[in-house]
Amino acid sequence: MVLATPVVETADLKKTYILGKVPVNALRGVNLKVEKGDFVAILGPSGSGKSTLLNMIGALDKPTEGKVFINGVDVSTLNDNQLADLRRSIGFVFQFFNLIPRLDAKGNVELPLSIAGLDKNERRKRAEELLETVGLKERMKHKPAELSGGERQRVAIARALANNPRFLLMDEPTGNIDSKTAKEIMGLVKRLNKDEGVTIIMITHDQHLATQAKKIVKMLDGSIIKEIDQL
Amino acid sequence: MKLGDVFSYAFSAIRLRKLRAGLTTLGVVIGIAAIVALLSISQGLQTTITDQLQSGFATDTLIVSPGSGGGIFSGVGGGIGSSGSDFSLVVTDTQVIDEIEGVVTSAAVIQEVGSVMSGDRTVTSLVVGVDFGVYSEIYGSTFVAESGEIPLNPDNDTVVVGKRVSDPWQNGTIVCSVDDAVEIVWANTTVRPPKNETQLVTVAAVLEEVGGLSLTGPSDSAVYIPISQAQSFFGTDECDRIVVKLASEDDSTIEAVSEAIEDAFSNQVSVTSATAVLDIISSVFSTIELFLAGIAAISLLVAGVGIMNIMIVSLMERTREIGILKALGMKSRTVLAIFISEAVIVGLLGAVFGVGLGWLLANVAARVFTGGGFAVAGEQGAVRGQFAITPVITPTVLLGALGFGIIVSVIFAIYPAWRASRLKPVEALRYE
């Protein structure tokens with residue numbers, strides 16, 4: 001049996017920041033493997049290094065030591081342009097949505113498609129499909145300020161899905177919305193994982209939220225302390 | 001990202017802050033308008049002056065003036081830039097010049113600033129002594145009588161007056177007309193104490209209006225007396241210049257005759273052609289235009305600094321946005337392109353409106369000048385010309401202004417755009 005390349009793999013990943021003159025070991029040798037179709041929750045209190053890990057997995061930052069492989073590619077060997085290309089295969093969902101305020105819902109979903117160089121018609125079609133998938137077909141002409149928190153996060157998820165990413169990387173996706181909407185969002189995320197086979201890596205400090213995932217990776221002080229399969 | 005999408009994204013960012021973008025653009029508008037207005041007015045002025053000179057010029061003439069190297073300006077107007085030579089031309093030197101091949105005829109000119117008195121009216125004018133017959137042969141189109149007749153063998157007390165001497169205020173108040181007796185007054189400063197020499201003369205003819213600035217040919221503000229009379233009236237045989245009519249206006253003839261005349265007087269004279277004078281004027285205007293454009297360009301540089309300032313502010317406001325774009329896979333060079341595109345849009349809009357505004361200002365200014373009766377002291381003393389300046393905008397100025405507006409905007413945007421492109425995604429996303 002041939003094993004498929006893991007979507008994300010880290011090997012003894014270390015990251016040290018210099019805060020003032022004091023070195024801070026944010027990651028102290030993390031080994032993580034995420035396979036295709038997984039839904040992994042990385043759980044930990046603030047300061048546990050989970051955000052630093054997210055930056056490494058998202059190719060937003062480079063490790064001090066150790067390696068990150070995304071789709072089998074060693075991120076540390078890539079230059080600026082190659083990193084940008086790689087990020088297109090990652091769907092980011094942020095806690096604060098990070099939508100572009102001046103663009104409407106459709107414009108926001110079209111943005112990564114435009115960055116990828118798709119032409120206008122393809123972009124429009126794809127954005128409409130995605131907004132329909134997240135249940136915002138009727139709201140696509142609305143700007144972020146005219147949408148509720150839950151609706152904004154749906155737009156962000158639609159945007160993250162635009163370029164058919166290898167995995168969704170979610171940073172506290174329900175951290176800024178009410179619990180009822182949070183439940184709906186999690187329902188959507190689980191459906192995407194189950195029905196569409198989208199690989200999901202979710203970072204959270206919310207124990208309850210983490211239980212929605214197939215696998216929980218617990219972090220503390222820059223290290224993985226426990227991995228729990230929930231299957 | 002496609003170029004069209006880059007521009008459309010940049011445009012959406014500009015549209016978001018209309019007032020700020022408008023004010024930034026206004027800086028460019030003012031800079032470009034200043035350049036266009038100043039250049040089109042000075043080019044219009046140049047065209048006007050050149051046209052007026054050409055109308056008073058015969059292109060088949062040469063002007064011989066004493067002194068080497070000084071050119072026409074050492075001979076006329078009382079020796080501006082005179083070379084300091086002791087050499088003088090005398091009236092009979094025309095005989096030497098007439099011998100030269102390619103010369104049809106030549107006329108000596110003696111002139112002094114004086115005035116014409118008629119009753120209680122006095123008009124300042126040039127008193128010019130010429131041979132009427134030869135002079136009218138040389139200036140067949142401008143030394144022409146409007147009323148009366150130019151006598152070919154005049155009596156000593158016969159004069160021909162220019163249009164502005166007869167009708168100095170252009171309002172029908174005639175100081176003198178044909179057959180009137182007038183007094184010519186000349187202040188003789190060669191004696192101590194200076195004394196006014198006066199001569200009673202009769203007007204034989206009033207010249208047609210020459211118009212414009214006549215550097216060398218007939219002038220509207222001159223009174224012409226026979227050369228022999230000028231010699232005795234001014235008490236000298238020395239002439240200010242000799243006007244030469246050529247057989248042809250070819251460059252080769254102009255050059256050959258010029259050299260021959262200089263040789264004949266052992267390089268103690270300067271020979272100037274109409275073409276050379278126009279060249280001088282053109283080069284003077286080029287310098288003036290460069291100077292004016294330079295001043296105007298400073299205002300555009302100020303606008304450029306404004307662009308840079310506002311883009312740095314915008315960069316800080318949009319740091320997070322840049323982080324998002326990079327997280328979505330945008331390359332650094334695309335971020336750079338977006339910021340540069342914003343500057344291109346501001347520069348282009350500013351340049352287009354600036355050209356329009358500049359053109360408007362130039363026309364308003366031209367109207368003010370023209371309406372106000374722009375008086376110019378010409379080379380021949382009291383020449384008054386009424387100018388109608390028509391601003392001229394050449395394709396070079398137009399394209400140059402557009403290009404300059406965009407280039408300045410882009411240059412000042414390079415640094416903020418570069419900084420934006422260098423932002424690290426993880427830090428930009430964290431930026432509050």
Considering residues that are closer than 19 Å to A:V24 by Cα and either modelled with pLDDT of 90 or more or polar (S, T, N, Q) (or both), the number found within region A:37-48 is 4
From A:T199, A:T204, A:T174, grab the single residue that is within 18 Å of A:L130 (Cβ to Cβ) and either of a type in the set (A, V, I, L, M) or crowded, with 17+ Cβ neighbours inside 10 Å (or both).
-> A:T199
Going by the conditions given, is A:K137 under 24 Å from B:K2 (Cα atoms) and away from chain B (no Cβ under 12 Å)?
-> no
Kindly provide the set of residues from region B:18-43 that are touching a residue at least 24 places away in the same chain (Cβ under 8 Å) and charged (D, E, K, R), ordered by number.
-> B:R20
Is region A:90-100 home to any residue that is closer than 23 Å to A:P173 by Cα, more than 9 Å from chain B (Cβ to nearest Cβ) and without any contact (Cβ under 8 Å) to a residue 60 or more places away in the chain?
-> no
Give just the number: which of (1) within 13 Å of chain A (Cβ to nearest Cβ); (2) crowded, with 23+ Cβ neighbours inside 10 Å; (3) in a helix (DSSP H, G or I); (4) not β-branched (V, I, T) does B:E342 not satisfy?
-> (1)
Do the conditions hold for A:K33, that is, is it within 24 Å of A:K190 (Cα to Cα), of a type outside the set (A, V, I, L, M, F, W, C) and assigned to a strand (DSSP E or B)?
-> yes
Looking at B:G347, is it part of a helix (DSSP H, G or I), closer than 30 Å to B:I49 by Cα, over 19 Å from the mean Cα position of the chain (by Cα) and at pLDDT below 95?
-> no
For region A:13-27, what are the residues that are assigned to a strand (DSSP E or B) and out of contact with any Asp or Glu (no Cβ under 7 Å at 6 or more places or on another chain)?
-> A:L13, A:K15, A:T16, A:Y17, A:I18, A:L19, A:V22, A:P23, A:V24, A:N25, A:A26, A:L27
Might you check whether a residue that is outside any helix (DSSP H, G or I), in contact (Cβ under 8 Å) with a residue 40 or more places away in the chain and within 12 Å of another protein chain (Cβ to nearest Cβ) occurs anywhere in region B:307-330?
-> yes
Where B:S273 falls short, out of the listed (1) touching a strand residue (DSSP E or B) at 6+ places or on another chain (Cβ under 6 Å); (2) over 30 Å from B:L39 (Cβ atoms) = (2)
What number of residues within region A:197-231 satisfy the criterion of being part of a helix (DSSP H, G or I), over 28 Å from A:V24 (Cα atoms) and more than 16 Å from the chain's Cα centre (by Cα)?
-> 1
Has region A:60-73 got any residue that is among the aromatic types (F, W, Y), farther than 30 Å from A:K14 by Cβ, more than 9 Å from chain B (Cβ to nearest Cβ) and in contact with a helix residue (DSSP H, G or I) (Cβ under 9 Å, 6 or more places away or on another chain)?
-> no
Unmet criterion (only one of (1) within 14 Å of another protein chain (Cβ to nearest Cβ); (2) surrounded by 22 or more Cβ atoms within 10 Å (Cβ to Cβ)) for A:R154 = (1)
So A:K33 fits all but one of (1) under 30 Å from B:L336 (Cα atoms); (2) in contact with a strand residue (DSSP E or B) (Cβ under 6 Å, 6 or more places away or on another chain); (3) not aliphatic (A, V, I, L, M); what number is the exception?
-> (1)
Unmet criterion (only one of (1) more than 31 Å from the chain's Cα centre (by Cα); (2) closer than 23 Å to B:V28 by Cα) for B:D263 | (2)
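The values are calculated or read from the model by the stated rules, or taken from the named source; none is laboratory data. Being a predicted model, the structure only gives us computed values, none of them experimental. Positions of Cβ are generated from backbone atoms using ideal geometry, with glycine treated the same way; all protein chains shown enter the neighbour counts.
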